[in-house]
């Protein structure tokens, strides 16, 4: 009876969270679970940014740094988030990567520059990373993790019979199932959403969106032994390019409007 009461309480909490935590992603209109407030998200982003910058070596290439900031400022203007405290930095790292933390803190690695080639290619990357922040993907993933943890504890109550060891085993089993069945496909969806929002944002910033296809094709050519799409957090490059081609007519309309 005690376990039943605990189960009922956990279920009620879960249902209540779902009822109040559903939000909508700007531009795409997708509903998302959100248990993290914007202020909490920004604070986490600020702390993560400080740690990332202090543990990295800023690039001494002034021309490349200026390009990153120039592109970043145009993307930030197009994003139209005056509440963000935008900052753009280039760090020395051979990894072809970049990220944008909540609140507009963007870091680009020097390793991505051979693939971006020029400002427009860089706008593809910065637009994509900024889109993750605009859609609050980081907070969404954290929220999903919190709910997954709660569901795992609920499963432990049902099947564990109050035995801590058994409960731990059930939670671990549930976690493995979540990784394959929920978290990774969900991440692929976020990546696709960031492609869409990023494409429109770079077009609004006055960058030719057609260059996005060429950039992702260059990335595809550089990959060796890439994992199958099912176990990847990113869409396959082939899938990504097809989706971008589908969004291209709308992106070109936006780009054309900026040129007038």
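Among the residues of the stretch 35-59, count how many are touching a residue at least 24 places away in the same chain (Cβ under 8 Å) and not in a helix (DSSP H, G or I).
So the count comes out to 6.
Name the residues in the stretch 64-104 that are in a helix (DSSP H, G or I) and farther than 16 Å from residue 127 by Cβ, would you?
Answer for the stretch 64-104, where residues must be in a helix (DSSP H, G or I) and farther than 16 Å from residue 127 by Cβ: 64, 65, 66.
For residue 32, state whether it is outside any helix (DSSP H, G or I) and at pLDDT 95 or above.
It is false that residue 32 is outside any helix (DSSP H, G or I) and at pLDDT 95 or above.
Return the residues of the stretch 100-122 that are in contact (Cβ under 8 Å) with a residue 40 or more places away in the chain and under 19 Å from residue 85 (Cα atoms); say none if nothing qualifies. First the steps, then the outcome.
Narrowing the stretch 100-122 to residues in contact (Cβ under 8 Å) with a residue 40 or more places away in the chain: 101-103, 105, 107-108, 110, 113, 115-117, 119-122.
Once the filter is applied, which keeps residues that are in contact (Cβ under 8 Å) with a residue 40 or more places away in the chain and under 19 Å from residue 85 (Cα atoms), the stretch 100-122 yields 101, 102, 103, 105, 107, 108.
Yes/no per residue for (1) at pLDDT below 95; (2) touching a helix residue (DSSP H, G or I) at 6+ places or on another chain (Cβ under 9 Å); (3) under 24 Å from residue 220 (Cα atoms):
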site: 62; (1), (2), (3): no, no, no
site: 68; (1), (2), (3): no, yes, yes
site: 71; (1), (2), (3): no, yes, yes
site: 96; (1), (2), (3): yes, yes, yes
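Please report, ordered by residue number, the helices (runs of 4 or more DSSP H) entirely within the stretch 163-260 with at least 2 residues that are out of contact with any strand residue (DSSP E or B) (no Cβ under 9 Å at 6 or more places or on another chain), modelled with pLDDT of 75 or more and exposed (fewer than 13 other Cβ atoms within 10 Å of the Cβ).
Values: elements: 164-178, 184-204, 211-222, 237-259.
The qualifying helices (runs of 4 or more DSSP H) are 211-222, 237-259.
Check whether at least one residue in the stretch 132-149 is part of a loop (DSSP other than H, G, I, E, B), surrounded by fewer than 19 Cβ atoms within 10 Å (Cβ to Cβ) and modelled with pLDDT under 95, and report yes or no.
Of all residues in the stretch 132-149, those part of a loop (DSSP other than H, G, I, E, B) come to 135-136.
Pick out the ones that are also surrounded by fewer than 19 Cβ atoms within 10 Å (Cβ to Cβ) and you get none.
Scanning the stretch 132-149 turns up no residue that is part of a loop (DSSP other than H, G, I, E, B), surrounded by fewer than 19 Cβ atoms within 10 Å (Cβ to Cβ) and modelled with pLDDT under 95.
For the stretch 31-51, how many residues meet the condition of being surrounded by 14 or more Cβ atoms within 10 Å (Cβ to Cβ), more than 12 Å from residue 143 (Cβ to Cβ) and in contact with a strand residue (DSSP E or B) (Cβ under 6 Å, 6 or more places away or on another chain)?
Adding up the residues that qualify gives 3.
Considering only the stretch 105-131, how many residues are part of a helix (DSSP H, G or I) and crowded, with 19+ Cβ neighbours inside 10 Å?
So the count comes out to 16.
The values are calculated or read from the model by the stated rules, or taken from the named source; none is laboratory data. All values reported here derive from a predicted model rather than from experimental measurement. Heads up, the Cβs are rebuilt from the backbone with ideal geometry, glycines too, and the neighbour counts pull from every protein chain shown.
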